[in-house]
Every structure is written in C-alpha cells, then in structure tokens.
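Below is one structure, written out as structure tokens, with a few remarks after it.
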Amino acid sequence: MTGLFITLEGPEGAGKTTQLARLEARLRGTGRCVTVTREPGGTPLGMRVREVVLDPTLEMGPLSEFLLYSASRAQLVQDVLRPALERGDVVLCDRYFDSSLAYQGAGRGLPLALLRDLTREVTGGLTPDLTLLLDLDPAVGLARAAQRGQADRLEQADLAFHQRVRAGFLELAQAEAQRFAVLDAAQSADAVEAQLWAAVESKL
Ligand code: T5A
C-alpha cells in the first residue's frame with residue numbers, strides 16, 4: 001500500500017476533530033489526496049454501531065462494547081481504509097484500535113493481550129504509520145465536551161475511568177515511541193496545530 005495512514009487519539013474533548021479539519025486543509029493545500037474518516041462510524045454500518053455504542057440509555061458489558069467497536073472497525077478497514085491506502089491517499093482517522101486498548105483495556109479492565117489478538121483479526125494487521133496522541137487532563141476535556149450538551153454513554157463514565165484511559169494512552173505511546181507523537185492538547189488550538197504539523201511533516 002502506497003498511502004500514509006495517520007490516526008488521531010486522545011481522551012474526551014482533546015481537540016481531535018478540530019485538529020483533523022485543520023490537518024486535512026493543510027494537506028489538501030499541498031495538493032495531496034486525503035481521505036478523512038472516524039471511529040466509530042465511517043461506513044453505514046459503523047454509523048449504526050455508533051448510535052448503539054454511545055447511547056446513554058443502554059447498559060453494556062466491556063466485552064460487548066469492545067466487539068461493537070470492532071464490528072465498526074472491521075467494516076471501516078475493508079470499505080474505506082485499505083482502498084484509500086491502496087490509491088495512495090493520506091488517510092486521517094479520528095480514533096482507531098488504540099482507543100480500544102485505552103478505553104476497553106486500561107479503562108474497562110479487559111486484558112490487553114486478548115484485545116490485541118482480536119484486533120489483529122479485525123484489522124488484518126493494518127497499523128497506522130503515525131499516531132498523534134493529543135494528551136489532556138480528562139477533567140479539562142470533559143468540561144470542553146460538556147459545553148456541547150448531553151453527555152454520551154462513554155462521557156458519562158466517572159473521572160477515574162477517564163484517568164485510566166489517559167494513562168493507558170500514554171503507556172501505549174511510550175511502548176511504541178516510533179509510531180506515536182505525543183502532543184500537549186492543553187495549549188491553544190493554534191499551538192496544538194503547530195506541534196501536530198511538525199510531526200506530520202516529518203513523515204511526508
Ligand atoms: N471509544 C472509541 C472507545 O471506547 N473505544 C474505541 O475503540 C473507540 C474507537 C467516541 C467515544 O467512543 C470511545 C471514545 C469516545 O468516548 P466521539 O463522539 O467520537 O465518541 O468522541 P471523541 O472522539 O472524544 O470526540 P469529541 O468530539 O468528544 O472530542 P475531540 O474530537 O477530541 O474534541 P473537539 O475537537 O470536538 O473539541 C471539543 C471542544 O473543545 C474545543 C472545541 O471547540 C470543542 O468545543 N477545543 C478547544 N478548546 C480549547 N483549547 C483547544 N486547544 C481546543 N481544541 C478544541
């Protein structure tokens with residue numbers, strides 16, 4: 001595959017969606033073909049899964065939660081990610097399997113080895129070339145997200161859960177330092193964009 005696969009990760013409200021739009025504009029400005037997608041979502045099936053998995057009225061066990069995210073992911077890999085990378089696009093994906101390792105692994109307590117094994121099957125081993133981790137205190141991120149209105153099912157989890165998720169992301173980044181760039185998402189959106197662009201430019 002000739003494209004470049006970039007994922008954005010981080011706790012709630014870290015600014016991934018904001019930065020993804022800015023990155024897309026910059027990359028298009030350089031004349032590159034860009035595919036932008038997200039998890040959960042990105043396909044008709046993924047959008048249905050998104051409604052279910054974020055529904056605050058539903059109760060769900062950790063394994064069911066992981067399998068729902070994985071169902072969305074398997075379809076996204078097949079229908080969107082692989083075709084775009086085979087075309088040679090730069091692919092920007094708002095969350096990918098690292099979110100499962102952080103949320104369902106570090107956050108919910110599912111064994112990482114199990115999640116990694118199943119994820120290998122789900123993705124066929126498709127791994128990002130670069131993962132931009134927007135690191136932020138979850139209390140700050142949740143406050144940002146709360147300004148948008150009603151919290152979804154994951155946002156409603158307690159602060160301790162979100163702190164484990166943040167720590168989980170940082171551990172993943174430490175273990176795979178070549179793939180990850182850790183960015184300070186507490187800075188202004190412009191300052192975060194500058195950090196992010198420096199990390200992306202080095203891969204282009
Ligand atoms: N999940 C997902 C799992 O548990 N397992 C998985 O495998 C996967 C894939 C997805 C949820 O599912 C979980 C993680 C999530 O809980 P979502 O709606 O896609 O749900 O949630 P998020 O990805 O967290 O998206 P958010 O929109 O909540 O956060 P973003 O995209 O990080 O933040 P953004 O850009 O929307 O910004 C949030 C607010 O902050 C402001 C923005 O204007 C906006 O109002 N903002 C800033 N404010 C100050 N300074 C900055 N630098 C700012 N940047 C943005």
- Query: List pairs: first in the stretch 148-164 and farther than 17 Å from LEU136 by Cα, second near the ligand (Cβ under 9 Å from one of its atoms) and β-branched (Val, Ile, Thr), Cβ under 8 Å, 6+ apart or cross-chain?
  - Reply: ARG153/VAL53
- Query: Which of the residues belonging to the stretch 168-194 are polar (S, T, N, Q) and surrounded by 12 or more Cβ atoms within 10 Å (Cβ to Cβ)?
  - Reply: GLN187
- Limited to the stretch 129-169, what total is found for residues that are within 20 Å of GLU193 (Cα to Cα), part of a helix (DSSP H, G or I) and among the aliphatic types (A, V, I, L, M)? 2
- Counting only helices (runs of 4 or more DSSP H) wholly inside the stretch 38-103, the ones holding at least 1 residues that are within 12 Å of the ligand (Cβ to nearest atom), over 11 Å from the mean Cα position of the chain (by Cα) and modelled with pLDDT of 95 or more are 44-54, 62-76
- Does at least one position in the stretch 25-33 carry a residue that is within 22 Å of PHE169 (Cβ to Cβ), modelled with pLDDT of 95 or more and surrounded by 15 or more Cβ atoms within 10 Å (Cβ to Cβ)? no
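Given the options THR123, THR119, THR131, name the one that is touching a strand residue (DSSP E or B) at 6+ places or on another chain (Cβ under 7 Å), of a type in the set (Val, Ile, Thr), within 14 Å of the ligand (Cβ to nearest atom) and modelled with pLDDT of 95 or more.
That would be THR131, the only listed residue that is touching a strand residue (DSSP E or B) at 6+ places or on another chain (Cβ under 7 Å), of a type in the set (Val, Ile, Thr), within 14 Å of the ligand (Cβ to nearest atom) and modelled with pLDDT of 95 or more.
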- Query: Just checking, which of VAL122, VAL52 is among the β-branched types (Val, Ile, Thr) and crowded, with 18+ Cβ neighbours inside 10 Å?
  - Reply: VAL122
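The values are calculated or read from the model by the stated rules, or taken from the named source; none is laboratory data. These figures come from a predicted structure and were not determined experimentally. Glycine also receives a Cβ, built like all others from the backbone with ideal geometry; neighbour counts cover every protein chain displayed.
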